[in-house]
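Report on one structure; see the data block that follows.
The values are calculated or read from the model by the stated rules, or taken from the named source; none is laboratory data. Source: prediction; values computed, not measured. Cβ atoms come from the backbone with ideal geometry, glycine included; neighbour counts cover every protein chain shown. Surface areas here come from the heavy atoms of the whole protein model, side chains and all, with no ligands, DNA or RNA. Shrake-Rupley method; radii C 1.70, N 1.55, O 1.52, S 1.80 Å.
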Amino acid sequence: MYKTLVLDGKSLTIEEIVQVARNERKVAISDEALEKLKKGRKMVQQWIDNDAPVYGLNRGVGLNKDRLVEKERFSQYNRNLLLSHSIGVGPETTIEDVRAAMLARLNTLLVGCTGIQPEIAQMYETFLNCGITPVIPSRGTVGLADIGILSHIGLAMIGEGEVYYKGNRVPVMEAFKEEKLSPMILGPKDGLAIVSSNAYSAGMAAILLQDLDDFIEMADAIYSLSLEGLDGNLDPLDESVLKFRPFNGQMKSADRVRKFLRNSYLWNRKEKTSIQDPLSFRGGFTVHGAALDSLEYVKGLLTIQLNSSDDNPCLIVEEERIVHTANFEVITLVFALEMVGLALTHVSRNSCFRTIKLANPAFTNLTRFLSPDEEQVIAFSTIQKTFSALDAEIRHLSNPVVSDYFPLAGDIEDHATNSALVIQKLRKMLDNLYYIVGIEAIHAAQAVDLRKGAKLGVGTGAVYEMIREQIPFLDKDRNLSIDIEWAYQLVKSKRLLKHIQKAIES
């Protein structure tokens, strides 16, 4: 069980986003942060009597920035703002992504720069703790504040639309009635504060980065088993040589591979069968390490995003000023996410090359396509087309979309990033990779079996054990789509990762 996560607007982590989104960890607004919200709201109320134009407060938004919003229209205007910005299209966003978005937005509200009603921040808290999840679409943002998506969360807060609650999809008012809640009545600046942030993209990115981190660890373990299947040369993993080129990612990956191969037969051979293996084996850990380095860079940027204000305008309560900003820009983060896509193409291609070589007797001294009987069993000859097609998709998805945008809102909004689309295509790449490394694991396990009694490492033995629980040795031709799906589920569900980690710990 997790302790309640206390939110203060400055210390939220990626891991905590995942805990709340997936494991329903409870949250609470800190007293200090709540007090900050009250001061900001007081400043907004004082500013109402000031005739100075403020975007989204007493003036409209977008091209309507010059339109006066009169005091008596504040509530209706802010409701209209939510309705007019509810423009998203399907498919639906997953419950965990909506929860991640709500948490990301709640924490950035607590920075204290919006002037929103404190009660609205508390509504985010209530939604998360009571399991009230607005139904929102997944597409309709160009990545310069996710206004077309987050507006749907705002609609639920004012009692409109549907939510998921206690396992059912219901009108939000049913959930309100059961939890004894009342819909919010919006006031000045509330609508803009709800819709104008990058919380949707930031929340999705947090979940994605956690999944990618876990995936690279599994890819390290499967790569290690492939080294045993190849009868590979472990010299490149030598700590003494790596210290002369100590990139953080490759050092971490190499260290994991050595742990996975602890007690493996590969360490104890008197003679090496190959002076140098193909690069996909010899330097697999360097490619995985480069992916880890790119992830670490993105994590740093995302952590800033999750604990900072991306609001326009920005209240500086200490100086009693409201300043118009460009803090909604997420271009730095999106550039870094596009870089991750390029890293994944190399992870994918390396896995494919290892799988091809494991099926080639010239590299393994085993049978063609790892057949148990080359005269009677075709084995893994045509499976290469599957991972080749999946890798082609990954290569296509790695093309950047950050530069594809239009000038919008009467040409005043002439920059965008497509942040959500970047994350969504990375997720598709990752899903393909679950298949690709799963197929590599099938080949590695078959190669190990054909070596007859080779002693496996602590971690690689755990990989082999999990594979063989579901996928038996290929002794005759069978429907390989079934095997591929088993391997995919084993990797994607992270059951493989948990089993490996348990083996290493014990």
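A few remarks follow.
- Candidate aspartates and glutamates for bridging to residue 502, where Cα separation is under 16 Å - those fewer than 8 sequence places away on the same chain excluded: 214, 217, 220, 465
- Integer Hz, Karplus 6.51/-1.76/1.60 couplings in order for the range 257-270, x for Gly and Pro: 4, 4, 5, 4, 8, 4, 6, 6, 4, 5, 6, 10, 6, 6
- Close amide H contacts of residue 55 (hydrogens built in the peptide plane, cut-off under 5 Å, sequence separation of 5 or more or a different chain): none are found.
- Sum of -39500 (n - 2.57) over DSSP H runs of 4+, divided by residues of the chain (222 nm, nearest 500): -18000 deg cm²/dmol
- Per-atom-type breakdown for the chain gives carbon and sulfur 53% of the accessible area (1.4 Å probe, protein chains only).
- Cross-link pairs 10/243; 3/299; 270/385; 42/166; 10/42 - those with Cα-Cα distance over 29 Å: 10/243; 270/385; 42/166
- Relative packing of peptides 228-239, 380-391 - highest average C-beta neighbours within 10 Å first: 228-239, 380-391
- Antiparallel content of DSSP bridges confined to the chain, in %, to 5: 75
- In Hz, Karplus ³J(HN,Hα) per residue of the range 309-323 (6.51, -1.76, 1.60; θ = phi - 60°; x = Gly, Pro): 8, 10, 8, 9, x, 10, 7, 10, 4, 4, 9, 6, 10, 10, 10
- Across the alpha-carbon set of the chain, the Rg to Rh ratio works out to 1.06, Rh being the Kirkwood radius.
- For the range 92-149: rounded, prolate or oblate by the Cα gyration tensor [a/c cutoff 1.5]: oblate
- Ranking of 130, 352 by solvent-accessible surface, largest first: 130, 352 (1.4 Å probe, protein heavy atoms only, all chains present).
- Exposure of residue 393 as accessible area (Å², to 10), given a probe of 1.4 Å and all protein chains: 80
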